[in-house]
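Novice: Shown below is the structure under consideration.
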Amino acid sequence: MHTCWGNYAWLHQIEKHLEKERNDETDYEWLQEIFNRKGKIYGGLSIKMVLEKTKGICMNLKRIYRIMRKYNLVTKIRRANPYKHIAKATQEHKTCPNLLKRQSNQEEPE
């Protein structure tokens, strides 16, 4: 009877995947708690900082993004402020006139 070592590796791999799934579920609960705290505006980086400050958990940013993608945690994207462009356009006329024009006369010391 011939058995392949690949079968044993495959069985061991399934156990690793199940363990990873269990860890992801516990991490998802933490992420979801923080994510829903401020109305779904926290992104991955903000969640990472809050996790480290409040719970003392250091989690990889790639892992946070992977779990967010897996469980469809999508952040709200903020809209650009339309008044910012108007304010910048009016700033152009507020510049002061160039009175010096880089012409400073220096005399020789006596």
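Novice: Given the pairs Lys16/Lys62; Lys20/Lys70; Lys40/Lys88; Lys55/Lys76; Lys40/Lys70; Lys48/Lys70, which are separated by over 22 angstrom at their Cα positions?
Specialist: Those over the limit are Lys40/Lys88; Lys55/Lys76.
Novice: What is the magnitude of the charge dipole of the chain about its Cα centre, with +1 placed on the Cβ of each Lys and Arg, -1 on the Cβ of each Asp and Glu, and no other charges, expressed in debye to the nearest 20?
Specialist: 620 debye
Novice: Moving on to the next point. Quote the convex hull volume per residue of segment 7-91, based on C-alpha atoms, as a whole number of Å³.
Specialist: Hull volume normalised by residue count: 138 Å³.
Novice: Let me ask something additional. For n ≥ 4 DSSP H runs only, could you compute -39500 (n - 2.57) per run for the chain, divide by its residues and tell me the 222 nm figure to the nearest 500?
Specialist: Taking each H run of at least 4 residues, the total per residue is -17000 deg cm²/dmol.
Novice: Let me ask something additional. By how many degrees, between 0 and 90 and to the nearest 10, does the Cα long axis of helix 82-91 differ from the longest principal axis of the chain?
Specialist: With both axes taken from Cα atoms, the answer is about 20 degrees.
Novice: Comparing Asn60, Asn81, Asn72, which has the greatest mean-square fluctuation in the GNM of the chain with Cα pairs linked when under 10 Å apart?
Specialist: Of Asn60, Asn81, Asn72, the Gaussian network model singles out Asn81 as fluctuating most.
Novice: Suppose R0 equals 35 Å. What FRET efficiency, 1/(1 + (r/R0)^6) with r the Cβ-Cβ distance, do Met49 and Cys96 give to the nearest 0.05?
Specialist: With R0 = 35 Å, the Cβ-Cβ based efficiency is 0.25.
Novice: Now for a different question. Okay, which of segment 50-88 sit inside 11 Å, backbone N to the point 7 Å along the Cα-Cβ direction of Tyr28?
Specialist: Flagged as within label range: 67-73.
Novice: Still on this structure: For each of Trp10, Trp30, count neighbouring Cβ atoms within 10 Å of the residue's Cβ, then give the residues from fewest to most.
Specialist: Least crowded to most crowded, the residues run Trp10, Trp30.
Novice: Now for a different question. Using a Förster radius of 25 Å, what is the FRET efficiency between Lys38 and Ala87 based on their Cβ-Cβ separation? Nearest 0.05, please.
Specialist: Here the calculated transfer efficiency is 0.40.
Novice: A follow-up question, please. What aspartates and glutamates does Lys53 reach when the alpha-carbon gap must be under 19 Å and sequence neighbours fewer than 8 apart in one chain are set aside?
Specialist: Cα-Cα hits under 19 Å: Asp27, Glu29, Glu33.
Only the coordinates and a few stated rules stand behind these numbers; no lab work does. Just so you know, these numbers come straight off a predicted model, no measurement behind them. When we count neighbours, we look across all protein chains shown, and the Cβ atoms used for this are built from the backbone with ideal geometry, even at glycine.
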